[in-house]
Amino acid sequence: MRHKKKELGIGMAAVTGQGLKFADLCYSSKILMKYQHFEDAQKNGEWKIPVLFFEKNLDILIIVNFDFVDLAYVIDKRVSVNEQVLDAYYETIRNLRAQLKFAKQMLR
C-alpha cells in the first residue's frame, strides 16, 4: 500500500500589528481586516491562531475559527518584512475605511 505525502499542514500564526505572520512570511485576510484584528494586535499585543497551509505552496493560509473560515494571502514573500511598507499599507486601509464611513454618513 502506498501512502500519499501529507499535503495539508497545521500550524500557529501570529496576529500582529503588521499582519498575520507565519513561516517568516506576512499575510493579510479580509475578515481579520474587517474586524480590525491587526489594529487590535497593534494596540494590545499579538496573539496566535491556528492555520492550515499547503506544504508545497505557502502563498495561502486557511483560517478556521468557530465563527468563520477565511483565506489569508501572502503580502510579502521576502523573509524579512519591511515594517514601514506594511505600516503604510495598513494606514492606507484605515484611511479608506474612514472615508467610506464618512461617505455613508453623508448619504443618510
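The values are calculated or read from the model by the stated rules, or taken from the named source; none is laboratory data. The structure presented is a predicted model; accordingly, all values stated were derived computationally and were not measured. As a convention, Cβ positions derive from the backbone with ideal geometry for all residues, glycine included, and neighbour counts pool all protein chains shown. Quick note on the areas: whole protein, heavy atoms, side chains included, nothing else; ligands and nucleic acids left out. Shrake-Rupley method; radii C 1.70, N 1.55, O 1.52, S 1.80 Å.
Overview of results
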| read-out | value |
| --- | --- |
| Every pair of residues 6+ apart whose Cβ atoms lie under 9 Å, when the first sits in region 35-56 and is within 15 Å of F68 (Cβ to Cβ) while the second is in a loop (DSSP other than H, G, I, E, B) and open to solvent by less than 80 Å² (accessible area, probe 1.4 Å) | I49/N65; P50/N65 |
| Only one of L8, L25, L52 that is out of contact with any helix residue (DSSP H, G or I) (no Cβ under 6 Å at 6 or more places or on another chain) and open to solvent by less than 30 Å² (accessible area, probe 1.4 Å) | L25 |
| Single residue of D67, D87 found to be surrounded by fewer than 14 Cβ atoms within 10 Å (Cβ to Cβ), charged (D, E, K, R) and either free of Cβ contacts under 8 Å to residues at least 60 places away in the same chain or touching a Ser or Thr at 6+ places or on another chain (Cβ under 9 Å) (or both) | D67 |
| Total residues in region 11-22, condition open to solvent by less than 30 Å² (accessible area, probe 1.4 Å), touching a residue at least 60 places away in the same chain (Cβ under 8 Å) and under 9 Å from the mean Cα position of the chain (by Cα) | 1 |
| Residue within region 34-42 that is in contact with a Phe, Trp or Tyr (Cβ under 8 Å, 6 or more places away or on another chain), part of a strand (DSSP E or B) and under 30 Å from E7 (Cβ atoms) present | no |
